[in-house]
Amino acid sequence: DEARRLLERTKRSMWRQSPERSLLWTAAERAANLLETAKQIEVEQPWDYDRLTRLVGAYADRTISDLDRNQRLFEQSIATYITDGEISPLIDLCRRRYYETALKIQNAFLNLIRKEGWPPEGVLRQTRIFDEYVSPNLERREKTAYIMVDSLRYEMGRDLGDTLGRLGDVEIRHAAAVMPTITETGMAALLPRADGAFHLIEKDGVAAPALGETVLKNSADR
């Protein structure tokens, strides 16, 4: 609470006009956001959830994904500032709290996968995205933009959706990715008719994604 009062008070300070000091205060504000989110998650204790669907839903419903978002923004803010040690204790604190909280969630997530398997019941599969959201529009000859972006984390996609919401109606949904969650498999799973046809095969000694008999090792194949 005291940190929040200081942050509000400094918004009216002349020192906020200094580019260097402004960067520091931005980092401090983002640090507070990260620490508050970690505290909120500690209260909710999602690592005690007994169903995988519930934990995935909790991530998609902002609170847990806010942890990743606030950590990303905090790291961005300190990356633009060459620190001389002034905020090193704050950086260490935030990184430690993020690691501790995220590790609890990750361990619970992996334990539930071992228990229930993957993907979670009732969650949209990544391989169904094209067939459910793009194919019907194509059949109706409606103009559709289908943008495949590698490594766009859920919370980053949510930020994009919030921005696009200024231009019109936006719906954000989450889907269960295929395993392993790497570029080659994830991008292949987003192709037309991937559901039921997507699988992994051994190619040149490594696992490669395939749709039916077609091996998709790279972007040219896709």
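Calculate, in whole percent, how much of the Cα-Cα pair population of the range 92-222 lies beyond 23 Å.
On the way: 4035 of 8515 pairs.
Within the range 92-222, distances greater than 23 Å cover 47 percent of Cα pairs.
Hey, any idea what Rg/Rh is for the range 38-113, computing Rh the Kirkwood way over Cα pairs?
Working: Rg = 14.3 Å, Rh = 13.5 Å.
Rounded to two decimals, Rg/Rh equals 1.06.
Could you size up the charge dipole of the range 1-131 around its Cα centre, putting +1 on the beta carbon of Lys and Arg and -1 on that of Asp and Glu, and report it in debye to the nearest 20? Numbers along the way, then the final one.
Values: 22 positive and 21 negative charges, 44 e Å.
It comes to approximately 220 debye.
Go ahead and estimate [θ] at 222 nm for the chain from helices alone: -39,500 (n - 2.57) per DSSP H run with n ≥ 4, summed, over the residue count, rounded to 500.
Working: 8 runs with 112 residues, N = 222.
It lands at -16500 deg cm²/dmol.
Taking just the C-alpha trace of the chain, give me its Rg and Dmax in Å.
Rg and Dmax of the chain, Cα atoms, are 21.3, 66 Å.
Straight-line reach only, C-alpha to C-alpha below 16 angstrom: list the aspartates and glutamates that Lys203 could link to, leaving out same-chain residues fewer than 8 apart.
Once the sequence-local aspartates and glutamates are set aside, what remains near Lys203 is Glu184, Glu213, Asp221.
Express as a percent, rounded to the nearest 5, the fraction of DSSP beta bridges in the chain (both residues included) that run antiparallel. Before the final figure, lay out the partial values.
Details: 8 of 9 bridges.
If I count the DSSP bridges inside the chain, around 90 percent turn out antiparallel.
Determine the share of the chain's accessible area contributed by carbon and sulfur atoms, expressed in whole percent, with a 1.4 angstrom probe. Before the final figure, lay out the partial values.
Numbers: 7230 of 14230 Å².
Carbon and sulfur together cover 51 percent of it.
The values are calculated or read from the model by the stated rules, or taken from the named source; none is laboratory data. All values reported here derive from a predicted model rather than from experimental measurement. Ideal geometry is used to build each Cβ from the backbone, glycine not excepted, and the neighbour counts take in all protein chains shown. Accessible surface areas use protein heavy atoms only, side chains included; no ligands, DNA or RNA. Shrake-Rupley method; radii C 1.70, N 1.55, O 1.52, S 1.80 Å.
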